[in-house]
Structures are given as C-alpha cells and as structure tokens.
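Enquirer: I have a structure here, written as structure tokens, and I will follow up with some questions on it.
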Amino acid sequence: HRKRGAAPRSGRADPERRARATRRLRLQQALHGVAERDELVVVYQPLVDLRGGGLKGFEALLRWTHPELGAVRPDEFIPVAERTGAIVAMGEWVLERAAEDLAAWRKGAEVTVSVNVAPIQLRNATFAERVGAILTAHGVPPGALTLEITERVLLDDRPAYTRSMTALRELGVQIALDDFGTGYSALSYLSRFPLDVLKIDRGFVAGLESDARARALLEAITGMAAALGLRTVGEGIETACQLAQLAESGCDVGQGYHLARPLPVDELVPLLDRVWETGGPDAEAPG
Ligand code: C2E
Ligand code: MG
Ligand code: MG
Ligand code: MG
C-alpha cells in the first residue's frame, strides 16, 4: 500500500503552503530585472586575521529592498533568484560593485574582498573571462578577489564547475569553499577541486561551546586543511569563546557578529586604516 502522505492532496489546499507559493511567485516577479533598478546594495562584513588580529578584508553580501515588499533576506531571495536565473545578472552587479569598491580601498590598504558566486554563474563557460574583464576594467589585481562557492556545487560533479574554477585560479583569483561542514562534501572532493580556502560553516562554529566532539572535529578540519594547503575561515563567530577556540585550533581568519557585523560602505571606510587586535573592533587599538 501507499506510504502515508504520499497520496496526492486534492481539493483542500494547505493554506500555509499556498501562502508560501504566492510569496515565492511575488518574489520571482519582483526580482525580474532587479539589478537594473535601484534596489540592490552591497554590505561588507570584515574578515579578521586570527593570528595577527588585523583586518584582512571583507565579504560582500547582497541586500535587497523592494519598494513594496521592503527588505527581503538573502536566505529567502537568493534561492528564488537561483531558480529563475535572475541571480546571474545580480551576481554580475555584485562583482562590478565589489571591484569598484576594492579599487578605491586598495589605494590606501591591502584589503581583499570575497564575493559569493551561485552555481549557475560558475557553470557559464565565459564566467572566468567576465571576472577577468571586470578586474581589468577596475585595475584590481586578481589576487585581491576571492570567490566563494557553496559546498553544494560539489554535489553534482559537473566538469563545467572544475573548468571555471581552474580558469579563475589561472587568472590568480582565490577560490573559497563556503558553508563547509553542512553535510554535502565528501572529503575526497577537497583534493579534487581547485580550492584555496575552506569556510567552516556557522552551524558548525555554533556547536563549539557545548560540544566536545565539535571541538575535536574542528581540530581535524583545520589539520586536514593545513595538510592540503588550504587556508581556513571560521564564520558566524558570535562569542569570545568560539573566537578563542577557532584561533587555538589554528584557524586563519574569523568572521562573525562578535568581530563585526556587515557594514554599509560609508561605515566601513574608517576601519580601513585601523589594525585590530584579535578580540575584535572593541579591543584596544595598538599605538
Ligand atoms: P554566506 O555566504 O555563508 O554568508 C554568511 C552569512 O552569515 C551572511 O548572511 C552573514 O550576514 C551571516 N553572518 C555573519 N556573521 C554571523 C554571525 O555571527 N551569526 C549569524 N547568525 N550570522 C552571521 P546573509 O548576508 O543573510 O547572507 C546569507 C547567504 O546568502 C550567504 O551566506 C550567501 O550564501 C547568500 N548570499 C549573500 N549575498 C550573496 C551574493 O551576492 N550572491 C550569492 N550568490 N549569494 C549571496
Ligand atoms: Mg559566503
Ligand atoms: Mg558562508
Ligand atoms: Mg553560510
């Protein structure tokens, strides 16, 4: 007989599900051509060197405010934009902004910027070329840009991903594997894909305080990353304790609300000539 719940539900519509579908459709329509309107903004979250305590750079994070829907969270609109393909134009817009900002900042400081890239962008055969053209147009050295790709791309092991990643690295762009530890990656992938950085997922960092096994796993991950020549970034650091544990385990870079929130460009500029002690922006500034 059929499994319970597998039978098609006819007639009586689940109102919650219908509301979700309506919302999704609304977002889909609203996202159409969004990069050509004035609704997108990039905010930047500081990345802090866990050894020296200095500011390493920033992760560019997209923000969307629709005139009627208001601010929509990336966790809600990114998946929709990925499904419709709208993310391609949005992603290109973010890259342009990031390259322009990076060019301005690098006149005064050796900062780097990380930009998130959706799998559908990476699959495009001309993606690496586009990235190279944008960097050249803004006079940004490729080594100052890191592209973050989600662990999900390792799931379906398409040659298009590897080709793009290889071409990007040949350009000199760094590749980070985002959300590492969320459950998709087999360890063998880490050596098969051309990577420079592992970003240890926030869900994983959250377990560090209460769970001794999480700490053991962290040691294993940083050890393995070091053996493979990968740098590590711990994301979602919300407490001093998590920060200390990541630093102790040899994690290279930290990111999280405990260190700094994502900031609009005008609030971030004053940070550029400041060197932070490990412990974050509130710690005593040297000198
Ligand atoms: P992500 O790339 O893993 O980015 C880190 C997310 O964690 C950001 O959420 C950031 O604001 C949040 N975060 C940072 N520190 C903390 C912390 O201490 N605690 C907690 N709870 N969260 C923290 P955000 O900005 O909402 O972005 C969510 C996701 O949306 C990103 O996850 C990324 O996958 C995606 N995304 C954001 N901007 C872009 C973009 O321009 N392109 C693409 N393709 N995806 C993007
Ligand atoms: Mg990211
Ligand atoms: Mg991440
Ligand atoms: Mg994440």
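The values are calculated or read from the model by the stated rules, or taken from the named source; none is laboratory data. Bear in mind that the values here come from a model prediction, so they are computed numbers and not experimental data. Methodologically, a virtual Cβ is constructed for each residue, glycine included, from the backbone with ideal geometry; neighbour enumeration extends over all protein chains shown. Ligands, DNA and RNA are stripped out before the accessible areas are found, and what is left, the full protein with its side chains, is counted by its heavy atoms. Shrake-Rupley method; radii C 1.70, N 1.55, O 1.52, S 1.80 Å.
Enquirer: Rounded to a whole number, what % of the accessible area of the chain do carbon and sulfur atoms account for, probe 1.4 Å? Walk me through the numbers on the way to the answer.
Expert: On the way: 7560 of 14900 Å².
Percent of accessible area from carbon and sulfur atoms in the chain: 51.
Enquirer: For the stretch 174-217, report the % of Cα-Cα distances exceeding 13 Å. Display every interim value, and only then the final one.
Expert: Working: 557 of 946 pairs.
Within the stretch 174-217, distances greater than 13 Å cover 59 percent of Cα pairs.
Enquirer: For Thr166 paired with Ser210, estimate the spin-label separation in nm (one decimal), with each label point 7 Å from Cα along the Cα-to-Cβ line.
Expert: The two pseudo-label positions are separated by 4.5 nm.
Enquirer: Only residues of the stretch 246-271 count here: report those whose backbone N is under 16 Å from the spot 7 Å along Cα→Cβ of Ala104, or say none.
Expert: Answer for this model: 263-271.
Enquirer: Sticking with this structure for a sec: Once phi is turned into ³J(HN,Hα) by the Karplus curve 6.51 cos²θ - 1.76 cosθ + 1.60 with θ = phi - 60°, what whole-Hz value does each residue of the stretch 114-122 show in order, with x for glycine and proline?
Expert: Result, rounded to whole Hz: 9, 10, 6, 10, 7, x, 5, 5, 5.
Enquirer: Here's another thing I want to ask about it. Starting from the amide H of His66, placed 1.01 Å from N in the peptide plane, find each other amide H under 5 Å away whose residue is 5 or more places distant or on another chain.
Expert: Ala71, Val72
Enquirer: For the stretch 1-131, what are Rg and Dmax over the alpha carbons, in angstrom?
Expert: 19.6, 70
Enquirer: Residues with amide H under 5 Å of Thr112's amide H, sequence separation 5 or more or different chain, H placed in the peptide plane at 1.01 Å from N; which?
Expert: Counting only residues 5 or more places away or on other chains, the set is Gly57, Phe58.
Enquirer: How many nm is it between the label spots at Arg63 and Ser188, if each spot is 7 Å from the Cα in line with the beta carbon?
Expert: Once both label points are built, they end up 4.4 nm from each other.
Enquirer: A further question follows. If I take R0 = 41 Å and measure r between the Cβ atoms of Arg51 and Asp14 in this structure, what FRET efficiency does the formula 1/(1 + (r/R0)^6) give, to the nearest 0.05? Display every interim value, and only then the final one.
Expert: Details: r = 52 Å, r/R0 = 1.27.
Calculated value: 0.20.
Enquirer: Skipping prolines and chain starts, which residues have an amide H placed within reach, meaning under 5 Å, of the one on Leu198, given they are 5 or more residues away or on another chain?
Expert: Close amide H contacts, sequence-distant or interchain: Leu177, Arg231, Thr232, Val233.
Enquirer: Take the eigenvalues of the Cα gyration tensor for the chain, scale each by 5, and report the square roots as semi-axes in whole Å, largest first.
Expert: Values: eigenvalues 194, 124, 90 Å².
So the three semi-axes of the chain are 31, 25, 21 Å.
Enquirer: Now for a different question. Please give, to one decimal in nm, the separation of the simple spin-label points placed at Ala71 and Ala244, each 7 Å out from Cα toward the Cβ.
Expert: Here the modelled spin labels are 3.2 nm apart.
Enquirer: If you don't mind, there's one more thing I want to ask. Starting at 0 and stepping by 5 Å, how many percent of the alpha carbon pairs of the stretch 66-141 end up in each bin?
Expert: Bins of 5 Å from zero give 3, 14, 22, 21, 16, 13, 9, 2 percent of pairs.
Enquirer: Moving on to the next point. In deg cm²/dmol and to the nearest 500, what is the mean residue ellipticity at 222 nm of the chain if only DSSP H runs of at least 4 residues count, each as -39500 (n - 2.57), divided by the residue total?
Expert: Values: 11 runs with 117 residues, N = 287.
Calculated mean residue ellipticity at 222 nm is -12000 deg cm²/dmol.
Enquirer: Apply the Karplus parameterisation 6.51 cos²θ - 1.76 cosθ + 1.60, with θ equal to phi minus 60°, to every residue of the stretch 20-33 and state each ³J(HN,Hα) to the nearest whole Hz, in sequence, with x for glycine and proline.
Expert: 5, 5, 5, 4, 4, 5, 4, 5, 3, 5, 5, 7, 4, x
Enquirer: Suppose the chain between Asp156 and Ala226 were pulled fully straight at 0.36 nm per residue; how much longer would it get relative to their current alpha carbon spacing?
Expert: On the way: separation 70, 0.36 × 70 = 25.20 nm, distance 2.57 nm.
Separation in residues times 0.36 nm, less the Cα-Cα distance, equals 22.6 nm.
Enquirer: Please compute the per residue accessible area over the stretch 52-174 with all protein chains in place, 1.4 Å probe, rounded to a whole number of Å².
Expert: Numbers: 5380 Å² over 123 residues.
Per residue, the stretch 52-174 has an accessible area of 44 Å².
Enquirer: Could you please state, rounded to a whole Å, how far the C-alpha centre of the stretch 185-263 is from the C-alpha centre of the stretch 50-97?
Expert: Between the Cα centre of the stretch 185-263 and that of the stretch 50-97, the gap is 22 Å.
Enquirer: A further question follows. Per residue of the stretch 206-221, what does 6.51 cos²θ - 1.76 cosθ + 1.60 with θ = phi - 60° give for ³J(HN,Hα)? Whole Hz please, x for Gly and Pro, Karplus curve as stated.
Expert: The phi angles translate into 4, x, 4, 6, 9, 10, 5, 5, 4, 5, 5, 5, 4, 4, 5, 5 Hz.
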